[in-house]
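K.L.:
The structure's right below; bear with me while I get my questions together.
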Amino acid sequence: MTAPTAGPRAPVTPSPTVRPPQPPNRLKAWATRAPLLPALVFLIAVTQLPFVATLVISLFDWNSLDPDDRHFTGLSNYRHAAEDEALRESVLTTAVLTATVVLATVVLGLLLALLLDRKFRGRGVVRTLLIAPFLVVPVAAALLWKHVLYNPDYGLLNGALTWVAARFGDDSPPQPDWVSDMPLLAVEASLIWQWTPFMMLILLAGLQSRPMDMIEAARIDGAGNWQIFRYLTLPHLRRYLELGVLLGSVYIVQNFDAVFTITAGGLDTANLPYTIYQTFYQAHEYGQASAAGVLVVIGSIIIATFALRVVSSLFTEEASRS
């Protein structure tokens, strides 16, 4: 027996040569980036140049009451800022104020976002009303709380206490002076009222981006509302919560309007921005105020980074457990 002969071989086509990647067209790249250059120049002029000027002024002993006696002192202003007792107290006040406001706004914003994520009649009107406090000018919001709500003579809070007491037959209800009796809480309530809509918008955007097919599959498998929220909704909102905590911490640390308008920095409510304001405009110490401002910027970056890592680690542990 003879082995079968192989048929004619198909012609071997040469493999296509791989062309090396073409070098980028630099002219086209610059033409694409050109519209962004005015915005970049404006950003540098508005943010970076003032910070550089502040950094330079912080190295001088400069009092505006004696402008001719201005000389270079190096890091002595930073040493004085670190040893200043009023500045250390304002750091503690700022930390308490920031932590309280951010935690309260995150919880209330999440509850309101869960409410607005449901369909009900008049949802658009309710959403607009809930967003309205965030659109109020900060000084106007602080004035609203100070005079319309907190005033002991004609404020709505004491008026509500009088009305409730009258319903129960009490002719002499308590009329507390809210700002004097609880100053830090008065500032915190004003900031919580104004910044809760901001957290609500961020978390509502996260809720509306959830994959609904997974939620429907979980409901078919018998999962309840709490299980869906804990194992599906909350892990999905992790990045949105991180963003809210990060931005809220940065904004509240820099808040000046509420403290200045409601308490004028008195009764142990002076935070870092107000302390810097006092050093700059009342003590006229430009060098010391600039050094404190630089330290505040550095501290804000550290706090924001630390808060972001802590929140991320907490949610990572929760996701690994589930």
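The values are calculated or read from the model by the stated rules, or taken from the named source; none is laboratory data. Computed from a predicted model, the values in this text were never measured in an experiment. Neighbour counts run over all protein chains shown; Cβ positions are idealised from the backbone, glycine included. For the accessible areas, the whole protein counts, side chains as well, though only heavy atoms, and no ligand, DNA or RNA atoms are used. Shrake-Rupley method; radii C 1.70, N 1.55, O 1.52, S 1.80 Å.
K.L.:
If G224 passes every condition in (1) touching a residue at least 12 places away in the same chain (Cβ under 8 Å); (2) open to solvent by less than 70 Å² (accessible area, probe 1.4 Å) but one, which one does it miss?
P.N.:
It fails just one condition, (1).
K.L.:
Applying the selection to segment 133-163, what residues are within 12 Å of D177 (Cα to Cα), part of a loop (DSSP other than H, G, I, E, B) and in contact (Cβ under 8 Å) with a residue 24 or more places away in the chain?
P.N.:
Once the filter is applied, which keeps residues that are within 12 Å of D177 (Cα to Cα), part of a loop (DSSP other than H, G, I, E, B) and in contact (Cβ under 8 Å) with a residue 24 or more places away in the chain, segment 133-163 yields Y150, P152.
K.L.:
Just to be sure I understand the filter: pairs with C-beta atoms under 9 Å, separated by 6 or more residues or on different chains, first member in segment 249-270 and in contact (Cβ under 8 Å) with a residue 24 or more places away in the chain, second member of a type in the set (D, E). Which pairs pass?
P.N.:
So the pair list comes out as A258/E188; D268/E89; A270/E89.
K.L.:
In segment 52-77, which residues are in a helix (DSSP H, G or I) and open to solvent by 40 Å² or more (accessible area, probe 1.4 Å)?
P.N.:
If the condition is that a residue be in a helix (DSSP H, G or I) and open to solvent by 40 Å² or more (accessible area, probe 1.4 Å), then V52, A53, T54, L55, V56, I57 are the ones that fit.
K.L.:
Can you name the residue in segment 164-173 that is closer than 24 Å to H147 by Cα and in a helix (DSSP H, G or I) and, of all such residues, is least open to solvent (accessible area, probe 1.4 Å)?
P.N.:
Top of the filtered list is A165.
K.L.:
Assess whether L92 counts as being modelled with pLDDT of 85 or more, open to solvent by 100 Å² or more (accessible area, probe 1.4 Å) and either on the phi < 0 side of the Ramachandran plot or under 27 Å from the mean Cα position of the chain (by Cα) (or both).
P.N.:
yes
K.L.:
Being more than 26 Å from D257 (Cα to Cα) and touching a Leu at 6+ places or on another chain (Cβ under 9 Å) narrows it down to one residue among P211, P176; which is it?
P.N.:
Working: P176 fails: more than 26 Å from D257 (Cα to Cα).
Exactly one residue qualifies, and that residue is P211.
K.L.:
I've got another one for you. Tally the residues that are open to solvent by 20 Å² or more (accessible area, probe 1.4 Å) and β-branched (V, I, T), restricting the search to segment 232-260.
P.N.:
2
K.L.:
Okay, moving on. Sort out which residues of segment 25-35 are open to solvent by 60 Å² or more (accessible area, probe 1.4 Å) and either touching a strand residue (DSSP E or B) at 6+ places or on another chain (Cβ under 9 Å) or among the small types (G, A, S) (or both), and write them in order of number.
P.N.:
A31
K.L.:
If P38 passes every condition in (1) open to solvent by less than 70 Å² (accessible area, probe 1.4 Å); (2) more than 25 Å from V250 (Cα to Cα); (3) of a type outside the set (A, V, I, L, M); (4) free of Cβ contacts under 8 Å to residues at least 12 places away in the same chain but one, which one does it miss?
P.N.:
If we test P38 against (1) open to solvent by less than 70 Å² (accessible area, probe 1.4 Å); (2) more than 25 Å from V250 (Cα to Cα); (3) of a type outside the set (A, V, I, L, M); (4) free of Cβ contacts under 8 Å to residues at least 12 places away in the same chain, just (1) comes out false.
K.L.:
Another question, if that's okay. Restrict the check to segment 124-135 and report whether at least one residue is within 21 Å of V259 (Cβ to Cβ) and aromatic (F, W, Y).
P.N.:
Within segment 124-135, one or more residues are within 21 Å of V259 (Cβ to Cβ) and aromatic (F, W, Y).
K.L.:
Give just the number: which of (1) surrounded by fewer than 21 Cβ atoms within 10 Å (Cβ to Cβ); (2) more than 30 Å from V148 (Cα to Cα) does A291 not satisfy?
P.N.:
Every condition holds for A291 apart from (1).
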